[in-house]
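Enquirer: Attaching a single structure in structure tokens format; questions to follow.
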Amino acid sequence: MKTLVSVIVLVVLSAFLILGWQGISFVTIPPGNGSKVMDFEVTPGESFTKIAKRLEQKGLVKNATYLKVFSKLRGVTQEIRIGEYELNDGMTPTEVLKILGSGKSKLKSFTIPEGQNIYEIAQILADKGYGTYEENLANFKDKELIQSLLGKELPSLEGYLFPETYNVTKYTTPREIAQIMVERFQAVWNELSWDGAKMSQHELVTLASIVEKETGAPEERPRIASVFHNRLRKGMRLQSDPTIIYGIAAETGKIIKNIRKKDIKGKTPYNTYTIKALPVGPISNPGREALKAVLNPDGSPYLYFVSRNDGTHVFSKTLQEHNAAVREFQLRRSARKGKSWRDLQKRRTN
């Protein structure tokens, strides 16, 4: 009888030792060497049992049952957060649970170039998987959202969606993205000095949006800004082609590439060929340098500029000088041959 009891005790002790070793091994020794790296997504409403099973199937933990027991003992079962996480098979269960409970989802990036308007940004976000074009545009024009972010009654967030590279998670909503972009604009704006400006913030942003669309040459922005400041002071029309294009887009939702004669005469609240003032609002989303340019124009006496066909411009003080520059660079076919605004891009990369 004693022998039988001894055997049973030995078996039980052996079982405990084996389980103990397996438990220690499970907790301390990862399933692999870290060479297997993958994204692991915790979806809304998913149970921990299902999560543990998927972790085992993907080779990220050795045993789903052990993981459930381990997480219960540590009291972290309810701490797992929805998100997309980067895991590898060189992680211990403790490290896996820590990451899944952090809520720090894997970041994805998207870039909004300077000078893009709300229609273009709506499409960029849709292409990246953040909402549909229509949903993004609706957010940009949402009166309640505009009021909450800017404290103003504006037709849209045009001008206030700061162009930059953003890092967001898969679960960041299109509405949250709009908020992040406006908050970034406000942060940049607060870094700039505009206390002495004679124009309102909205007027300055509007002017910066035109400067942004008129040139891609960074060194020209302060001079372009001075031309527009000079024209406004003299009561002259700004006569900026991009304002024609935006006025049409605001009415039709479509961005045209070529301006027709009837478009120049089109009466929209943005067309600076027909209004003797700034447009009703921005026509694009300007970057930091365009904002700085309208706050700090170079003080030039120029009233006109015309494209050299390579992304840069010739500046003139008088209409006579301007007309001569137009004849030289626009009407003379040889001056345009082989030239392109892309020459400016080549210059940047050289």
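Readers should treat all values here as calculations from the given coordinates under stated rules, not as data from a laboratory. None of the values given here were measured: they were computed from a predicted structure. We place every Cβ from the backbone using ideal geometry, glycine too, and count neighbours over all the protein chains shown.
Enquirer: May I ask you to order 135-142, 233-240, 115-122 by the average number of other C-beta atoms within 10 Å around their residues, highest value first?
Expert: My ranking of the peptides, most packed first, is 115-122, 135-142, 233-240.
Enquirer: What fraction, in whole percent, of alpha-carbon pairs in region 25-100 exceed 15 Å separation?
Expert: Tail of P(r) above 15 Å: 48 percent of Cα pairs.
Enquirer: Looking at [x] 31, 27, 20; [y] 35, 22, 19; [z] 63, 20, 17, which value of semi-axes √(5λ) of the Cα gyration tensor in Å comes from a calculation on the structure shown?
Expert: So the calculated entry is the one marked [z].
Enquirer: Further question on the same structure: What ranking do 221-229, 167-175, 299-307 get when scored by the average of other Cβ atoms within 10 Å per residue, highest first?
Expert: Highest-to-lowest ranking by the protection proxy: 221-229, 299-307, 167-175.
Enquirer: In debye to the nearest 20, how big a dipole does region 200-302 give about its Cα centre with +1 on each Lys and Arg Cβ and -1 on each Asp and Glu Cβ?
Expert: 480
Enquirer: Sort the following peptides by mean Cβ neighbour count (other Cβ atoms within 10 Å, averaged over residues), highest first: 281-294, 45-58.
Expert: Working: 281-294: 24.8, 45-58: 15.4.
Descending packing order for the listed peptides: 281-294, 45-58.
Enquirer: Sticking with this structure for a sec: Any chance you could give the angle, 0 to 90 degrees and rounded to 10, that helix 174-191 forms with the longest Cα principal axis of the chain?
Expert: Rounded to the nearest ten degrees, it is 60.
Enquirer: Using Stokes-Einstein with the Kirkwood hydrodynamic radius over Cα pairs, what translational diffusion coefficient do you get for region 151-239 at 37 °C and a viscosity of 0.692 mPa s, in µm²/s rounded to a whole number? Don't jump to the answer; show the numbers that get you there.
Expert: Numbers: Rh = 15.1 Å.
Translational D for this selection: 218 µm²/s.
Enquirer: Considering only the other residues whose Cβ falls under 14 Å of the Cβ of residue 133, what net charge follows from Lys and Arg at +1 and Asp and Glu at -1?
Expert: Residues near residue 133 contribute -1 overall.
Enquirer: Give me the base-10 log of I(q)/I(0) for region 94-193 at each q in 0.19 Å⁻¹, Debye formula, one uniform scatterer per Cα, rounded to two decimals.
Expert: Treating every Cα as an identical point scatterer, log10 I(q)/I(0) equals -0.91.
Enquirer: Let me ask you something else. Does anyone have the angle between helix 241-252 and the longest principal axis of the chain? Alpha-carbon axes, 0 to 90°, nearest 10?
Expert: Helix 241-252 sits roughly 60 degrees off the main axis of the chain.
Enquirer: Same structure again: Going by a ≥ b ≥ c, the root eigenvalues of the Cα gyration tensor, does region 200-302 fall in the rounded group (a/c under 1.5), the prolate group (a/b larger than b/c) or the oblate group?
Expert: It comes out prolate by the Cα gyration axes.
Enquirer: With a sphere of radius 12 Å drawn around the Cβ of residue 279, what net charge do the other residues whose Cβ falls strictly inside it have (Lys, Arg +1; Asp, Glu -1)? Intermediate results must be reported in sequence, preceding the final value.
Expert: On the way: positive: 213, 237, 276; negative: 158, 203.
Result for the neighbourhood of residue 279: +1.
Enquirer: If amide hydrogens are placed 1.01 Å from N in the peptide plane, which non-local residues have theirs closer than 5 Å to the one on residue 304?
Expert: Those lying under 5 Å, H to H, from residue 304 are 316.
Enquirer: Quick one: which residues, 5 or more positions from residue 85 or on another chain, have an amide H under 5 Å from its amide H? H modelled 1.01 Å from N in the peptide plane, none for Pro or chain starts.
Expert: 40, 41, 42, 106
Enquirer: Could I ask something else about it? Could you run the Karplus curve 6.51 cos²θ - 1.76 cosθ + 1.60 with θ = phi - 60° over region 142-158 and give me ³J(HN,Hα) per residue in whole Hz, x for Gly and Pro?
Expert: 6, 4, 5, 5, 4, 5, 5, 8, 10, x, 10, 9, 10, x, 6, 8, 3
Enquirer: Which of the aspartates and glutamates could a cross-linker span from residue 106 if the Cα-Cα distance has to be under 20 Å and same-chain partners fewer than 8 positions apart are dropped?
Expert: 39, 41, 46, 79, 84, 86, 89, 95, 127, 164, 176
Enquirer: When only Cα pairs under 8 Å and 6 or more residues apart are kept, what is the percent relative contact order across region 200-302? Working shown, then result.
Expert: Working: 169 pairs, mean separation 45.5, N = 103.
Reported as a whole number, the value is 44 percent.
Enquirer: While we're on this one: Of 141/317; 36/104; 141/213; 213/261; 143/234; 108/152, which sit over 29 Å apart, Cα to Cα?
Expert: With Cα atoms farther than 29 Å apart: 141/317; 143/234; 108/152.
Enquirer: Next up: Considering amide H positions built from the backbone, and no H for Pro or chain starts, which residues 5 or more places from residue 284, or on another chain, come under 5 Å of its amide H?
Expert: 159
Enquirer: Right, next: Ordered by residue, what ³J(HN,Hα) values in Hz, to whole numbers, does region 102-117 give under the Karplus form 6.51 cos²θ - 1.76 cosθ + 1.60, where θ = phi - 60° and Gly and Pro are x?
Expert: Karplus values, whole Hz, x for Gly and Pro: 6, x, 8, 5, 4, 8, 10, 10, 9, 10, 9, x, 4, x, 6, 9.
Enquirer: Mean residue ellipticity at 222 nm from the helices of the chain, using -39,500 (n - 2.57) per DSSP H segment of n ≥ 4 over the full residue count, to the nearest 500 deg cm²/dmol?
Expert: -14500 deg cm²/dmol
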